[in-house]
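The values are calculated or read from the model by the stated rules, or taken from the named source; none is laboratory data. Model, not experiment: these values are computed from the prediction. Note that we place each Cβ from the backbone using ideal geometry, even for glycine, and neighbour counts take in every protein chain shown.
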Amino acid sequence: MPTISMFYGIIIQMFWDDHAPPHFHALYADPGVSCTAPWRLTKVNPLANYRLEVEFIDGTHGFVEMSQRVKSDKAGVFAALKDVSLFNQVHLEYGVATWPGEIDLAPDAMHDEIKLHGKWVLM
């Protein structure tokens, strides 16, 4: 995704085609900076059928169901994740579930849905 600005070790990026609404990410290059936002992930594990098991910094635990999105005609950047070997490469980058190719999920939206329903289903 395009980098909008880089200053004092902070990288601002804009994301518009991975999911609604368009949004920005602020990444901190300094490993000494710690973020305590409740929606930061501490754990992500890939599961069968395009599912993820996640846990957040505040202890919230749940699942992300991506099968419908990945297999959709409107999958966008997520279409690449049909390749199970790529899907299984999910990892944490600054508290965000991320895949190679700059594919990621919005942790704030994920946290809100999982806190309410125990899962987040991406349509």
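Total residues in segment 112-123 satisfying the condition of being part of a helix (DSSP H, G or I) and surrounded by fewer than 20 Cβ atoms within 10 Å (Cβ to Cβ): the figure is 5. Flag: Val44 does not match the condition of being surrounded by 16 or more Cβ atoms within 10 Å (Cβ to Cβ), in a helix (DSSP H, G or I) and modelled with pLDDT of 95 or more. Does segment 16-26 contain at least one residue that is among the aliphatic types (A, V, I, L, M), modelled with pLDDT of 75 or more and not in a strand (DSSP E or B)? No: segment 16-26 contains no residue that is among the aliphatic types (A, V, I, L, M), modelled with pLDDT of 75 or more and not in a strand (DSSP E or B). A Cβ distance below 8 Å, combined with a sequence gap of six or more or placement on separate chains, defines the contacts here; from segment 95-123, residues that are under 16 Å from Asp17 (Cβ atoms) reach residues that are among the aromatic types (Phe, Trp, Tyr) and modelled with pLDDT of 90 or more in the pairs Trp99/Phe87; Ile103/Phe78; Ala109/Trp120; Leu122/Phe78. The residues of segment 56-111 that are more than 12 Å from the chain's Cα centre (by Cα), in a loop (DSSP other than H, G, I, E, B), modelled with pLDDT under 95 and surrounded by 15 or more Cβ atoms within 10 Å (Cβ to Cβ), listed by number, are Ile57, Ala75.
Kindly check whether there is at least one residue in segment 72-80 that is within 21 Å of Met123 (Cα to Cα), in contact with a His (Cβ under 8 Å, 6 or more places away or on another chain) and among the aromatic types (Phe, Trp, Tyr). No: segment 72-80 contains no residue that is within 21 Å of Met123 (Cα to Cα), in contact with a His (Cβ under 8 Å, 6 or more places away or on another chain) and among the aromatic types (Phe, Trp, Tyr). The residues of segment 40-59 that are touching a residue at least 60 places away in the same chain (Cβ under 8 Å) and of a type in the set (Val, Ile, Thr) amount to a single one, Val54.
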